[in-house]
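The values are calculated or read from the model by the stated rules, or taken from the named source; none is laboratory data. Here the structure is a predicted model, which means the values were calculated and not measured. FYI the Cβ positions are ideal-geometry reconstructions off the backbone, even for glycines, and counts take in every protein chain you see.
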């Protein structure tokens, strides 16, 4: 249902250190060359090849010497919810618990062959597909939540009040807030901010839109508000990510 909202962000980051942050997405992070140090749910871990981490869990990466593929999947999407089921109530899982060393090496080799010759195919979501291919049973969201999520994505460039969303789905404001947090896992207002960040980033990637214009298109009050929110969710400023990030894509699954 959410495919048209572009629910996946793929970033290839080189020579970048990401400070502590958390966001709505379920995230798969993979080093395509050297292992790196990370802090996952406040636990320092050395020499990781990657990890799968749940939404709204604090984490940081010191990957200044590594080429790291970061895949963020909206937790309200079907793929995001399937990835959450892989965690089995854990906040994160290291990559080598999910895949063999050979499978990780093969994925990395696919990328480097693609770099040497773009005619070679490289699917950045290959590991995501492997994790979710045989899992199809997820409990559906309450239909009113799906309508609320569509409403948010449709009117994200405007000022969105929770009371207006509640009226749209015929719920009280308190009931909508409770239902959203219970089923999605984060407060409704946090989800709205996540959608605004995605929309702003998409605008910058598609047409080299200035940060201030992208922030306005996504409904932020100003450029500073967007930058603060982005840094809190990604651990770097949007300008730094655009400077050191490559292979940036925003697309549906």
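At a glance:
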read-out	value
Enumeration of residues in the stretch 113-144 that are touching a residue at least 40 places away in the same chain (Cβ under 8 Å) and either farther than 22 Å from residue 82 by Cβ or in contact with a helix residue (DSSP H, G or I) (Cβ under 7 Å, 6 or more places away or on another chain) (or both)	127, 128, 131, 132, 135, 138, 141, 142
Residue in the stretch 88-112 that is farthest from residue 33 (Cα to Cα), counting only those that are surrounded by 16 or more Cβ atoms within 10 Å (Cβ to Cβ) and touching a residue at least 60 places away in the same chain (Cβ under 8 Å)	95
Segments classed as helices (runs of 4 or more DSSP H), wholly inside the stretch 148-246, with at least 3 members that are buried (at least 18 other Cβ atoms within 10 Å of the Cβ) and touching a strand residue (DSSP E or B) at 6+ places or on another chain (Cβ under 9 Å)	188-207
Number of the condition not met by residue 90 [criteria: (1) more than 29 Å from residue 199 (Cβ to Cβ); (2) assigned by TED's automatic domain parsing to the domain that holds residue 215]	(2)
Hey, residue 34 under 20 Å from residue 192 (Cα atoms), in contact with a strand residue (DSSP E or B) (Cβ under 8 Å, 6 or more places away or on another chain) and modelled with pLDDT under 95 or not	no
Residue 71 at pLDDT 95 or above, in a strand (DSSP E or B), touching a strand residue (DSSP E or B) at 6+ places or on another chain (Cβ under 9 Å) and not assigned by TED's automatic domain parsing to the domain that holds residue 152	no
Residue ID - surrounded by the most Cβ atoms within 10 Å (Cβ to Cβ), chosen from residues in the stretch 11-61 that are in a loop (DSSP other than H, G, I, E, B) and touching a helix residue (DSSP H, G or I) at 6+ places or on another chain (Cβ under 6 Å)	23
Subset of the stretch 113-130 that is within 17 Å of the chain's Cα centre (by Cα) and in a helix (DSSP H, G or I) - its residue that is surrounded by the fewest Cβ atoms within 10 Å (Cβ to Cβ)	129
